[in-house]
Amino acid sequence: MRTAVLDIGTNTVLLLIAEVEGQNLRVLKDDHAIARLGEGVDRTGRISEEAYQRFLSILREHEKSIQSMNVQRIIAVGTSALRDAKNRDEILRRTKEETGIEIEILTGEDEARWSYVGALFGMNDVENATVIDIGGGSTEISFGDGHEFTHGVSLDIGALRLTERCFKTSPVTI
């Protein structure tokens, strides 16, 4: 089955399209774009209209790829910015109305689990492992025994969040 996964983060929107047959996965497209959806969320608690419009523009571009590649299943997950935003329900509703895409919000532990599983996918002979995933709004630290995730934590420390806290103007432009 041809599947698209959208990882909607605080800073980026990732798209992976793959052909999935049982445990086999063949990557057909792996794309990323910087939306900075979480811009200002740490300070205001809300996703701004400007950030939402950047996100929506990127999502529409990803939709073109999804349609042209005849994807049968779309999985969309949101992370730190959507977890934290007071207006997340409005953003989720608008996104569903404007694109038809439903976004599932991952808990911090879910994000840690998926970071672990994704980092070790395709690796053989893994014993005890620690995975650190530094995102735009949060950092996940995950632990496991081989391919088996045992526990993890999500900390509200990410590249975009820290940049906004530590610099009066962002050294990063898009």
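The values are calculated or read from the model by the stated rules, or taken from the named source; none is laboratory data. If you're wondering where the values come from, they're calculated on a predicted model, not measured in any experiment. Cβ atoms come from the backbone with ideal geometry, glycine included; neighbour counts cover every protein chain shown.
Residue under question is Ile58, and the condition is that it be in contact with a helix residue (DSSP H, G or I) (Cβ under 7 Å, 6 or more places away or on another chain) and not hydroxyl-bearing (Ser, Thr, Tyr); does it hold? If you could, list the steps in order and put the result at the bottom.
On the way: in contact with a helix residue (DSSP H, G or I) (Cβ under 7 Å, 6 or more places away or on another chain): no; not hydroxyl-bearing (Ser, Thr, Tyr): yes.
No; evaluated as a whole, the condition is false for this residue.
I'd like to verify a number: residues in segment 2-15 that are under 12 Å from His62 (Cβ atoms) and in contact with a Leu (Cβ under 8 Å, 6 or more places away or on another chain), how many?
8
Give the residues of segment 101-154 that are part of a loop (DSSP other than H, G, I, E, B), at pLDDT 95 or above and either β-branched (Val, Ile, Thr) or loosely packed, with under 13 Cβ neighbours inside 10 Å (or both), sorted by residue number.
Of everything in segment 101-154, those that are part of a loop (DSSP other than H, G, I, E, B), at pLDDT 95 or above and either β-branched (Val, Ile, Thr) or loosely packed, with under 13 Cβ neighbours inside 10 Å (or both) turn out to be Ile101, Glu102, Ile103, Thr107.
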